[in-house]
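S.K.: Okay, here's the structure, questions in a sec.
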Amino acid sequence: MRGPIAIMAAALLAFAGALAVRAAAPVAGVADAAILADVMPPKLSDFGFFADAPAQVPRDGVVPYRLNTALWSDGADKLRFVYVPAGARARARDAGDDGGLLDLPVGSALIKTFAFTEDGRRRLIETRLLLHRAQGWVALPYLWNAEQTEARLALAGARLPIATPQGPTISYRVPNKNQCKECHGVDGAVVPIGTKARNLAHGWLAAMVSAGRLDRMPQGADAVPLWEAREAASAVAAARGYLDVNCAHCHRPGASASNSGLDLRWEQADRAALGVMKRPVAAGRGAGAMLFDVVPGKPDESILTHRMASTEPGVAMPELGKDSVDAEGLAVVRRWIEEGAK
Amino acid sequence: MIRHAFVATLLLSAAAPAIAATHQVAAGEGAQERLQEALILAQPGDTVELGAGRFVLTDGLSLDANGVTVKGAGMDKTVLDFTGQKGAGEGLLVTGDRVTLRDFALENPKGDGVKSKGADDIVYYRVRVTWTGGPKATNGAYGLYPVESTNVLIDGCLVSGASDAGIYVGQSRKITVRNSTVSENVAGIEIENSRDALVEGNVATRNTGGILVFDLPALPVMNGGNVIVRGNQVFDNTTANFAPPGNIVASVRRGTGVLVMANDGVLVEGNSIRGNPTSGVMVIAYPLAFTDTRYNPHARNVTVGENVFENNGTDPQIDGAPMLLQAFGGALPPVLWDGNFEGQTGLRVAKGVAGWSLGLTRPAQPLEESRPAPLAVGTPAAFDAAGIGAPAELDKRI
C-alpha cells in the first residue's frame, strides 16, 4: 500500500523538475519540462503555452494552425496550436505516407481549445493536449473554470450544459483521459490525427518551413477540400475528406473500430472497405432496419447516414464527442451516397 | 472535477513504484468521476474495489491500464447502473492486457455492456449484464464483448436481454466460455471469426438461439474454427427474434439450439439440447452472397457427437413446416444440415444421431430448391482437442 508520505516523497523526488517550473511563477516561456516529464500537471498554465491564456494568445514558438476539413464536435470552435521546441524541427512526410502526418519531435505539443459563443462572448470549455514525450504521445484534457481564468486537469472528463450554435442546448461531454486514446490510438499507441499534410494549407506549411520549424515542403499537401469551400469541390472529395477526418481515426486498421472491417481513410480505394454494400458486423441495434453500411444512391437505406443522424448512445456515430447532429456533414455524406458513393 | 487532495496522487501516478494498491470506490455522489479516476490511476497489479450499492453512471467507463483487477462485492451487490447513460458505445471499455473483471453487474447499458478490445489475457468472472426490461430491440447489442484478443476466460457470468448476443467473442483466439448463464438474448453465446474456443458447462435458455459458432466475410480476422461446444444445457430457446434487421443474428430462427455456420473444425458433444422448436443443432454454409475471396462459406469438419436430444424441432420456423413435420412424424430430427460440403470435410455425426438435410448443393442457394431428406453422413473420426480453450494460467485469477 502506498502511504501519503511515500506519495509526497516520490512526487517530490520524481517531479522536482516540474515542481520547480511551477514554482517559478510567472512562467517566462513554454515549460519544456512540463511537456517532457512523466507527470500530469494539474493546470494548463503549468505549460506556459499562452501569453494570455483566456484570450488564447500563444507564446512565441506556439503556432496557430487550422485544418482544411476538421472534426466536428457539437459545433464547437476550435483553436489549434502546435509547439515545436526551440532548436528542433518537425520532419515533413509526403501524403502517401499516412496522409503526410507531420513527424513532430519529442518535446512537441499539440494544443486544441474548444469554445462556444454565448451571448456574443466566447466561452472556453476545454483544452486538450497531446504531448510528445520520450515514451510516446500522452493525451491530457483540461477543463476551463467558470471565471475563464484557468483550465484544470480533468482526468475523468465532465459533462456541462452548452447552448450550441445550431440551436439546442446539449449536455456537452468533455472526454476522459482514456477516451482521448479511443480516437488517438493506433496499434495501442497514442498518435496525433489532424496534422497531416493533405489536410494542411500550402501557405501554412511554407511558413513553417521558412520559420525553420519544418524541414521541407511535403508532397501532396492541401488535398482535402477546404470545408467552407466544399461546394466548389466534388461531392466525392468533400465527403471523403469529411469521413476521413470525422470517422477514420477509429474506422481504420489498428484503431478502435478496426474489428468492424470498415476503413474510411481518404486513401482507401476499395469500395467494400468504404462500406459500399458491406454488411454490418457488430453494429447491433445501431444498424436500425438497414442491411448495408452504404447503399449507392440510397442514403435513407444506408447505416452510415442513419448513425450519423442519431444522438442516441449505442446508435450514434461518432460514439464520443457528439451530443448533437452535424447537419452540414450529414448533407455532404448524403450527397456522396446519392451520387453513387464513388 | 478534480479535488485539491487529488493532485499529489496525480503527480505520483505516472511513475509510481510497482507496489500493488487497492483503490476503493463507493457508490453515491460523483460515482462517474470517482470511478473513472480510479480506473485511470490504477497501475499494473492494482485492484479497483467497488463497494456494494448502485453506481449511477451517465457515461461509458474505460480501463486502459494493464494488469488491473476490477472487483465488486458480488454480481447482485455492486451494480453499475447505466439506465441514464448519455454517451459512449458501451458501459465499460477495456483496452489493457491482463485485466480481471469480477463480482459486479452492469444494468441497462445503452450500447454494449463490457467491451474488451485488443485486451489479451482477460478474465471475466461472475460478471452480470442485465437489460432489466426483458428482451427488447432497443436494448444494447452485446453483454460481454471481447474482440481481437488472445486468451479470454469467461466464467460464471450471467447475461440477459442483449438484442444481439449475450456473450459475444469475436476475432479472438484461445477462448473459454464456461459455467455461464445466458437467457432472453437473441443469441446466447456467439463465437465469431475466432479460433481455439471451448464453450463448456453453460446454460443457454429462452434465447432465440442458444449457442452460435460462425465466420463472417470481409472482416480483418477470419478462418474461424477449432471450437468445442461441450456439456452445455441448451433448452427452451423459444424467444421470438427481437434483433433489429440487418445484423446476422436477425436471421437466426427462433428455437435454434446450436448453430454452426461457415467454420472449420467444430465438435458438439455431451450437451443436453432440449425443447428448441426449430432445431437442436443446425449446420449450414453462409447463406448470403459475398465478394471476399479470402472467405470460405462452408461448414467444414463439423462433428455432432453424442448429446441428449429431447423435444426439438416441434415448431420449426422454416418454410413448409407443416409438410416437413408431417413427413418426419410430428417433429424434425434434432440435427439439421443444409447439405453443403467441401471435399471430404462435410458434417459427421455419431452413430444413432438422427438428422435431416435440406439437400442444398451450393452456399447461398435459394431455399426453394431444397430437397429435404433424412441425414446420411459418416461417423466421426477423433477430434483433436489440443490447444483449444484459454490457457490454464488464467484460472489462477479466480
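The values are calculated or read from the model by the stated rules, or taken from the named source; none is laboratory data. The structure presented is a predicted model; accordingly, all values stated were derived computationally and were not measured. Here Cβ is always computed from backbone atoms with ideal geometry, including for glycine, and neighbour counts include all displayed protein chains.
S.K.: Take the stretch B:150-168 and flag every residue that is part of a strand (DSSP E or B), over 19 Å from B:ASN139 (Cα atoms) and not β-branched (Val, Ile, Thr).
M.R.: Those that are part of a strand (DSSP E or B), over 19 Å from B:ASN139 (Cα atoms) and not β-branched (Val, Ile, Thr): B:ASN151, B:LEU153, B:ASP155.
S.K.: Next up: Of B:ASN223, B:ASN232, which residue is buried (at least 24 other Cβ atoms within 10 Å of the Cβ) and either more than 14 Å from chain A (Cβ to nearest Cβ) or small (Gly, Ala, Ser) (or both)?
M.R.: B:ASN232
S.K.: Then there is this: Whether any residue in the stretch B:339-356 is at pLDDT 95 or above, under 22 Å from B:VAL258 (Cβ atoms) and touching an Asp or Glu at 6+ places or on another chain (Cβ under 8 Å) is what I want to check.
M.R.: Yes, there is a match, as at least one residue in the stretch B:339-356 is at pLDDT 95 or above, under 22 Å from B:VAL258 (Cβ atoms) and touching an Asp or Glu at 6+ places or on another chain (Cβ under 8 Å).
S.K.: Please go through the stretch A:283-338 and give me each residue that is among the basic types (Lys, Arg), in a helix (DSSP H, G or I) and either more than 9 Å from every other protein chain (Cβ to nearest Cβ) or within 24 Å of the chain's Cα centre (by Cα) (or both), ordered by number.
M.R.: Of everything in the stretch A:283-338, those that are among the basic types (Lys, Arg), in a helix (DSSP H, G or I) and either more than 9 Å from every other protein chain (Cβ to nearest Cβ) or within 24 Å of the chain's Cα centre (by Cα) (or both) turn out to be A:ARG307, A:ARG334, A:ARG335.
S.K.: Exactly one of these conditions fails for B:GLY352: (1) assigned to a loop (DSSP other than H, G, I, E, B); (2) surrounded by 12 or more Cβ atoms within 10 Å (Cβ to Cβ). Give me its number.
M.R.: (2)
S.K.: May I ask you to say which residue of B:THR132, B:THR58 is among the β-branched types (Val, Ile, Thr) and in contact with a helix residue (DSSP H, G or I) (Cβ under 7 Å, 6 or more places away or on another chain)?
M.R.: None of the others qualify; the one that does is B:THR58.
S.K.: Looking only at the stretch B:170-194, how many residues end up being buried (at least 24 other Cβ atoms within 10 Å of the Cβ) and either modelled with pLDDT under 95 or not hydrophobic (A, V, I, L, M, F, W, C) (or both)?
M.R.: 11
S.K.: Would you pick out the residues in the stretch A:168-217 that are of a type in the set (Lys, Arg) and either surrounded by 15 or more Cβ atoms within 10 Å (Cβ to Cβ) or within 14 Å of another protein chain (Cβ to nearest Cβ) (or both)?
M.R.: A:ARG173, A:LYS177, A:LYS181, A:LYS196, A:ARG198, A:ARG213
S.K.: A further question follows. Looking at the structure I just gave you, is B:ALA20 at pLDDT below 95 and within 7 Å of another protein chain (Cβ to nearest Cβ)?
M.R.: no
S.K.: Here are some conditions: (1) touching a helix residue (DSSP H, G or I) at 6+ places or on another chain (Cβ under 8 Å); (2) over 23 Å from B:GLY275 (Cα atoms). B:ALA331 meets all but one. Which one does it not meet?
M.R.: Failing condition for B:ALA331: (2).
S.K.: Which one is nearest to the other protein chains (Cβ to nearest Cβ), of the residues in the stretch B:239-254 that are touching a Leu at 6+ places or on another chain (Cβ under 9 Å) and outside any loop (DSSP other than H, G, I, E, B)?
M.R.: The selected residue is B:ILE248.
S.K.: When the stretch B:134-144 is examined, which residues are found to be within 14 Å of chain A (Cβ to nearest Cβ) and over 20 Å from A:SER256 (Cα atoms)?
M.R.: Residues satisfying the conditions are B:PRO135, B:LYS136, B:ALA137, B:THR138, B:ASN139.
S.K.: Could you list, in sequence order, all residues of the stretch B:186-225 that are in contact with an Asp or Glu (Cβ under 7 Å, 6 or more places away or on another chain), without any contact (Cβ under 8 Å) to a residue 60 or more places away in the chain and not in a strand (DSSP E or B)?
M.R.: Matches in the stretch B:186-225: B:ASN193, B:ARG206, B:ASN207, B:GLY224.
S.K.: Residue check: is A:ASN176 modelled with pLDDT of 95 or more and among the polar types (S, T, N, Q)?
M.R.: Spelling it out, it is not the case that A:ASN176 is modelled with pLDDT of 95 or more and among the polar types (S, T, N, Q).
S.K.: Here is a further query. Which one is farthest from the chain's Cα centre (by Cα) among residues in the stretch B:98-133 that are within 22 Å of A:GLY188 (Cβ to Cβ) and at the interface with another protein chain (Cβ under 10 Å from one of its Cβ atoms)?
M.R.: Out of the qualifying residues, it is B:GLY118.
Table: residues versus (1) within 22 Å of A:LEU291 (Cα to Cα); (2) surrounded by 21 or more Cβ atoms within 10 Å (Cβ to Cβ).
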| position | (1), (2) |
| --- | --- |
| B:SER272 | no, no |
| B:THR278 | no, yes |
| B:MET282 | no, yes |
| B:TYR286 | yes, yes |
| B:PHE290 | yes, no |
| B:ARG294 | yes, no |
| B:ASN301 | no, yes |
| B:PHE309 | no, yes |
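S.K.: Report the residue count in the stretch A:318-342 for those that are within 19 Å of A:LEU291 (Cβ to Cβ) and either at pLDDT below 95 or of a type in the set (Gly, Ala, Ser) (or both).
M.R.: Result for the stretch A:318-342: 2.
S.K.: Looking at the stretch B:77-90, which of the residues that are part of a strand (DSSP E or B) and facing chain A (nearest Cβ under 10 Å) is surrounded by the fewest Cβ atoms within 10 Å (Cβ to Cβ)?
M.R.: B:GLY87
S.K.: If you don't mind, there's one more thing I want to ask. For A:ARG265, work out the one condition from (1) within 12 Å of chain B (Cβ to nearest Cβ); (2) touching an Asp or Glu at 6+ places or on another chain (Cβ under 8 Å) it doesn't fulfil.
M.R.: Failed condition: (1).
S.K.: Have a look at B:VAL147, B:VAL159 and point out the one that is within 16 Å of the chain's Cα centre (by Cα), within 13 Å of chain A (Cβ to nearest Cβ) and among the β-branched types (Val, Ile, Thr).
M.R.: The match here is B:VAL147.
S.K.: Working only within the stretch A:57-95, note down all residues that are at negative phi, in a loop (DSSP other than H, G, I, E, B) and in contact with a Lys or Arg (Cβ under 7 Å, 6 or more places away or on another chain).
M.R.: A:ARG66, A:ALA70, A:VAL84, A:ARG89, A:ALA92, A:ALA95
S.K.: Got a number for residues in the stretch B:57-76 being surrounded by fewer than 24 Cβ atoms within 10 Å (Cβ to Cβ), within 17 Å of B:GLY28 (Cβ to Cβ) and away from chain A (no Cβ under 13 Å)?
M.R.: Qualifying residue count, the stretch B:57-76: 1.
Condition check ((1) outside the structural domain of A:THR69 (by TED's automatic domain parsing); (2) closer than 21 Å to B:ASP112 by Cα; (3) of a type in the set (D, E, K, R); (4) surrounded by fewer than 20 Cβ atoms within 10 Å (Cβ to Cβ)) across all residues:
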{"site": "A:CYS247", "(1), (2), (3), (4)": "yes, yes, no, no"}
{"site": "A:SER256", "(1), (2), (3), (4)": "yes, yes, no, no"}
{"site": "A:LYS278", "(1), (2), (3), (4)": "yes, no, yes, no"}
{"site": "A:PRO296", "(1), (2), (3), (4)": "yes, no, no, yes"}
{"site": "A:GLU301", "(1), (2), (3), (4)": "yes, no, yes, yes"}
{"site": "A:ARG307", "(1), (2), (3), (4)": "yes, yes, yes, no"}
{"site": "A:PRO313", "(1), (2), (3), (4)": "yes, yes, no, no"}
{"site": "A:ALA316", "(1), (2), (3), (4)": "yes, yes, no, no"}
{"site": "A:LEU330", "(1), (2), (3), (4)": "yes, no, no, yes"}
